[in-house]
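The values are calculated or read from the model by the stated rules, or taken from the named source; none is laboratory data. Since we're looking at a predicted model, the values are computed, not measured. So basically every Cβ, Gly included, is an ideal-geometry build from the backbone, and we count neighbours across all protein chains shown.
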Amino acid sequence: MNQLKVFLPVGLVAFGLLFYASVFVVQEHEVAIKLRLGEIVGTDYQPGLHFKVPVLNNIMKFDRRIQTLDARPQRFLTLEKKDLIVDSFAKWRIADAAQFFRSTGGDADRIARLLSERINTGLRDEFGRRTVQEVVSEDRKEMMTELAREIDRRASDLGVEVVDVRVKMIDLPAEVSESVFARMRIERERVARDLRALGSEAAERIRADADRQRTVTIADGYRESEVLRGEGDARATEIYAAAFELNPDFYSFYRSLNAYRTAFMSGDTLMVLQPESDFFRYFRENTAP
């Protein structure tokens with residue numbers, strides 16, 4: 001009875017360990033294969049609890065969800081032999097777990113390398129059949145669909161399904177980009193020179209038109225001033241004539257006084273006249289008019 005009490009817990013623990021070693025759980029997002037001494041003996045396991053023979057069987061589990069392979073940018077030639085740097089990525093998932101294990105051994109680095117080789121080969125073939133204009137146009141979506149279908153066919157021996165292939169960026173190589181940028185700079189500088197030349201031409205035309213308008217305005221103003229001055233002189237002459245006709249003697253006397261004022265009050269004026277000249281007529285007469 002005492003031996004039973006000792007061996008019962010030990011037996012229960014041993015049974016528990018044996019049971020734990022004899023079962024495995026497959027999650028919803030997993031796919032599993034059963035190996036017996038390295039040989040695949042089972043593949044199609046639904047999510048849940050399953051049994052195996054301890055030590056003799058080994059279980060390999062893989063993620064069956066869609067994975068992303070982000071490849072490094074690669075250089076490809078187009079139909080017109082132009083280099084392009086293409087940055088792409090692919091979406092894939094395990095389609096045949098047994099074939100996937102046979103091809104890659106479940107090594108993530110190996111599947112990434114093998115799948116990248118097939119994707120690059122497919123991209124190289126597709127870009128080699130198209131021009132630069134075609135690969136950057138709206139038809140690229142159709143090209144990507146065909147490419148995903150072709151890469152999926154090539155990757156079937158790896159036990160994976162290629163769901164989609166997309167191009168993130170298409171760029172020119174650095175040496176070509178510098179040449180393109182240099183040509184763009186030259187073109188922009190030429191356009192800038194043309195615009196500056198047009199601006200200078202317009203500025204000269206505006207200045208010439210302004211100078212012409214200034215000259216015309218000054219000429220018109222001078223002409224109008226001369227006309228007004230002539231009309232004023234004519235009007236003054238008429239007034240002087242009318243005043244002269246009213247009293248010729250007084251008008252002559254008044255004009256003489258203005259002449260005396262101008263001559264004698266200038267200071268630096270030197271005149272040599274005879275006393276009997278007509279300029280001193282009113283000095284000789286006794287009475288003014």
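Given the criteria in the same structural domain as Val25 (by TED's automatic domain parsing), modelled with pLDDT under 85 and β-branched (Val, Ile, Thr), does Ile59 qualify? Spell out the reasoning first.
On the way: in the same structural domain as Val25 (by TED's automatic domain parsing): yes; modelled with pLDDT under 85: yes; β-branched (Val, Ile, Thr): yes.
Here the answer is yes, as Ile59 does meet what is asked.
Please find, within the stretch 151-183, the residue that is modelled with the highest pLDDT out of those that are touching a strand residue (DSSP E or B) at 6+ places or on another chain (Cβ under 8 Å) and of a type in the set (Gly, Ala, Ser).
Among them, the one singled out is Gly159.
Just checking, does the stretch 8-26 include any residue being at pLDDT 80 or above and closer than 21 Å to Ala95 by Cβ?
yes
Confirm whether Phe76 is of a type in the set (Phe, Trp, Tyr), outside any loop (DSSP other than H, G, I, E, B) and crowded, with 17+ Cβ neighbours inside 10 Å. Break it down stepwise before answering.
On the way: of a type in the set (Phe, Trp, Tyr): yes; outside any loop (DSSP other than H, G, I, E, B): yes; crowded, with 17+ Cβ neighbours inside 10 Å: yes.
Taking the combined requirement at face value, the residue satisfies it.
Right, Thr121: touching a Leu at 6+ places or on another chain (Cβ under 7 Å), among the hydroxyl-bearing types (Ser, Thr, Tyr) and touching a residue at least 24 places away in the same chain (Cβ under 8 Å) or not? Spell out how you get there, then give the answer.
Working: touching a Leu at 6+ places or on another chain (Cβ under 7 Å): no; among the hydroxyl-bearing types (Ser, Thr, Tyr): yes; touching a residue at least 24 places away in the same chain (Cβ under 8 Å): yes.
So Thr121 does not fit the description; no.
Please work out if Asp70 is of a type in the set (Asp, Glu) and at pLDDT 85 or above. Explain how you work it out, then say what you get.
Details: of a type in the set (Asp, Glu): yes; at pLDDT 85 or above: yes.
Considered against the rule, which asks whether it is of a type in the set (Asp, Glu) and at pLDDT 85 or above, Asp70 comes out as yes.
Condition (residue is modelled with pLDDT of 85 or more, aromatic (Phe, Trp, Tyr) and under 32 Å from the mean Cα position of the chain (by Cα)) applied to the stretch 86-105: is it met by at least one residue?
Yes, that holds for at least one residue.
Matching residues to (1) modelled with pLDDT of 75 or more; (2) assigned by TED's automatic domain parsing to the domain that holds Asp83; (3) within 30 Å of Leu84 (Cβ to Cβ):
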| position | (1), (2), (3) |
| --- | --- |
| Arg185 | yes, no, yes |
| Glu189 | yes, no, yes |
| Leu195 | yes, no, no |
| Ala202 | yes, no, no |
| Arg205 | yes, no, no |
| Ala208 | yes, no, no |
| Asp211 | yes, no, no |
| Ala241 | yes, no, no |
| Phe264 | no, no, no |
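For every residue, the table says whether it meets (1) surrounded by 13 or more Cβ atoms within 10 Å (Cβ to Cβ); (2) of a type outside the set (Ser, Thr, Tyr); (3) assigned to a helix (DSSP H, G or I).
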residue: Ile59; (1), (2), (3): yes, yes, no
residue: Arg72; (1), (2), (3): no, yes, no
residue: Asp87; (1), (2), (3): yes, yes, no
residue: Asp109; (1), (2), (3): no, yes, yes
residue: Arg124; (1), (2), (3): yes, yes, yes
residue: Leu147; (1), (2), (3): yes, yes, yes
residue: Ala155; (1), (2), (3): yes, yes, yes
residue: Val163; (1), (2), (3): yes, yes, no
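Go through (1) at pLDDT below 85; (2) exposed (fewer than 13 other Cβ atoms within 10 Å of the Cβ); (3) not in a loop (DSSP other than H, G, I, E, B) for Ile40 and report which single condition fails.
Of everything listed in (1) at pLDDT below 85; (2) exposed (fewer than 13 other Cβ atoms within 10 Å of the Cβ); (3) not in a loop (DSSP other than H, G, I, E, B), Ile40 misses just condition (2).
This table checks each residue for (1) among the polar types (S, T, N, Q); (2) in contact with a strand residue (DSSP E or B) (Cβ under 9 Å, 6 or more places away or on another chain); (3) modelled with pLDDT of 70 or more.
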{"position": "Arg261", "(1), (2), (3)": "no, no, yes"}
{"position": "Asp268", "(1), (2), (3)": "no, no, no"}
{"position": "Phe280", "(1), (2), (3)": "no, no, no"}
{"position": "Asn286", "(1), (2), (3)": "yes, no, no"}
